[in-house]
1. For the range 86-105, give me each residue that is modelled with pLDDT of 85 or more and more than 21 Å from ASP119 (Cβ to Cβ).
2. Just to be sure I understand, how many residues within the range 538-564 are under 18 Å from ARG426 (Cβ atoms) and either open to solvent by 60 Å² or more (accessible area, probe 1.4 Å) or of a type in the set (Val, Ile, Thr) (or both)?
3. Let me confirm something: among PRO131, PRO179, PRO225, PRO138, which residue is closer than 18 Å to VAL98 by Cβ, at pLDDT 85 or above and crowded, with 19+ Cβ neighbours inside 10 Å?
4. Based on what the data block shows, is CYS454 modelled with pLDDT under 90 and open to solvent by less than 30 Å² (accessible area, probe 1.4 Å)?
5. Looking at the range 92-128 only, could you name the residues that are open to solvent by less than 10 Å² (accessible area, probe 1.4 Å) and touching a residue at least 60 places away in the same chain (Cβ under 8 Å)?
6. Tell me which residues, restricted to the range 462-501, are without any contact (Cβ under 8 Å) to a residue 60 or more places away in the chain and open to solvent by less than 50 Å² (accessible area, probe 1.4 Å).
7. Has the range 506-517 got at least one residue that is of a type outside the set (Phe, Trp, Tyr), within 30 Å of LYS452 (Cα to Cα) and modelled with pLDDT of 95 or more?
8. Only residues that are touching a strand residue (DSSP E or B) at 6+ places or on another chain (Cβ under 8 Å) and either polar (S, T, N, Q) or open to solvent by less than 40 Å² (accessible area, probe 1.4 Å) (or both): list them for the range 335-350, please.
Amino acid sequence: MTSADDFVLQLLHERGIVGEDIIKVAKDQLRSEGVPSSELDSKAIDLLVEKHYCTFDQIYQILSEEFNMPLASSLNEISIGDDVKNVVPEDIVRKYNVLPIGITNGQMELVVSDPMDMDTIDTISRIIGMPLDLRLAPPHTITEAIEAQYGLKGDFSSILDSSGELKMDTGKATEEEAPIIKYVQSLITEAVKRRASDIHLEPLEKRFRVRYRIDGVLVEVENPPKRLQPSIISRLKLMAEMSIAEKRVPLDGRIQITYNDKSIDLRVSSLPTVYGESIVMRILDKEGLRLGLPELGFFSDDQTTFERIVGMADGIFLVTGPTGSGKSTTLYSALNYLNHPDRKIITVEDPVEYQMTGINQVQVRRDVGMTFAAALRSMLRQAPNIIMIGEIRDLETAEIAINASLTGHMVFSTLHTNDAPSAVTRLVDIGVKPFLVSASLRAALAQRLVRKNCAACKEAYTPDKRVLQAIGIGDKEAAGMNFMHGVGCPKCNNIGYKGRMGIFEMFIINEELQQMIYEGRTLVELRAKARELGMRTMREDGVRKVASGLTTADEVLKVTMNEA
């Protein structure tokens, strides 16, 4: 019948037509009869129809709804004109078991039995040199109509079962052969090759847009035909173990693949829109966790300070910044740096983004009462040395984290603030007493990500003076700096940038700042004191990286626009 019989079985179950227990019984019976696993799904559908649990009409009705493809009716009453027969050769009609029924507005109306066999559909479209307007019908109905229109040809007994239905196991495609599966695989592997962090599949009114986010910038790639939209989305939802029948509410799932011997996780999110479900896949490459601190963007002096802070016995260390600023990567890299057999590390996350060997990771599940706070309470009974909380979002979580830090645990977490000193005021704003912040907070690190110059094509250049002035570089300072930018080459897809790194602002709490926090001093006063003690702003750290030729002044200006 189709190249995705497992998909049909799932639809039958999710639409309430055949119970999961019935499907299981059918498969168990077939296994006991020695049916190979490659044929199990197709034979199971045969058996369900034979036992009258469902009909082919029901199957094709739900396929029609799922793929938004109209059903063809009364094929035995259709008379196909010579103009149509001259366009679609008879051998093509018989080979692929398809039926051309008319030409409308320059499109061939074609009846097919497999809405997912896009390889065949595209082949026919190329052969006849005309776009297709597809209709759907059971295979035996198409076969009978072909016989009526073209005459009986050959012995059909080999492909018809005892009831006259077309056999379901007429060459089921393997994963490598199925066109939709091949497209989805190539979509993901190409994104990984190009170092994309996200894949966006966006249904628009007249097209199905696909974009990769590469180094923080969305880049549109070749779009698949709009008619493939339902098949591609259904395939991705199947891979992510999401319900393909539910299209009214947002869904989340996960896909795990191996590429070049690397384990890649994809966090999948679907969102219903006016023109269909929008899918975003976040690519979580575990190799990124093995980055050393210099690769994150730390110069040697900041690296030494960072290692000293995360290696403390107790207290809280916060990483701050907006969504997409690399906070999670920095924390995971810190955990990787600290992950030794003599330390017990537990994380509580929503969701668990990277699965790390040797670390106990807890997934938040609010539906069963496993909140950040509930997980934290249980974690403390596990006697960890280091705790990582995905994000401090409320007073309850903050208080438990602070109490943990005051009882001998090192706690890592993130906050959404624009700069590092604001972490103090954010904690106070959500209700934490200043004296508790003063006693527990060891440091806060604010960060942003800037694109790195492509090492293969970067060369010296003279930046725009206005941009240099905007980030605080005067003529005198510029004279001693090594300005570089990428001119574009195949290795960076002619962008000039390849990869990203952080620029940082490290707010380290000493006794003087502890006293100021205890007294409830303002953010302006805290920031002024930190600057007096030597804290560099993110822009100043960015200037150091511009001066070293690692990035451009434009990049630093773009991500630090909020700095005075």
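1. Those that are modelled with pLDDT of 85 or more and more than 21 Å from ASP119 (Cβ to Cβ): ILE101, GLY102, ILE103, THR104, ASN105.
2. The number of residues fulfilling the criteria is 1.
3. Values: PRO131 fails: crowded, with 19+ Cβ neighbours inside 10 Å; PRO179 fails: at pLDDT 85 or above; PRO225 fails: crowded, with 19+ Cβ neighbours inside 10 Å.
It is PRO138.
4. When the stated conditions are applied, CYS454 does not pass them.
5. PRO115, MET118
6. GLY474, ALA478, GLY486, GLY488, CYS489, CYS492, GLY496
7. Within the range 506-517 (the criterion being of a type outside the set (Phe, Trp, Tyr), within 30 Å of LYS452 (Cα to Cα) and modelled with pLDDT of 95 or more), the answer is yes, since at least one residue qualifies.
8. The answer is LEU335, LEU338, ASN339, ILE345, ILE346, THR347, VAL348, GLU349.
The values are calculated or read from the model by the stated rules, or taken from the named source; none is laboratory data. Not measured: the values here are computed from a predicted model. Because the Cβ atoms are built from the backbone with ideal geometry, glycine has one as well, and the counts that use them run over all protein chains shown. Just the protein is used for accessible areas: all its heavy atoms, side chains included, with ligands, DNA and RNA removed. Shrake-Rupley method; radii C 1.70, N 1.55, O 1.52, S 1.80 Å.
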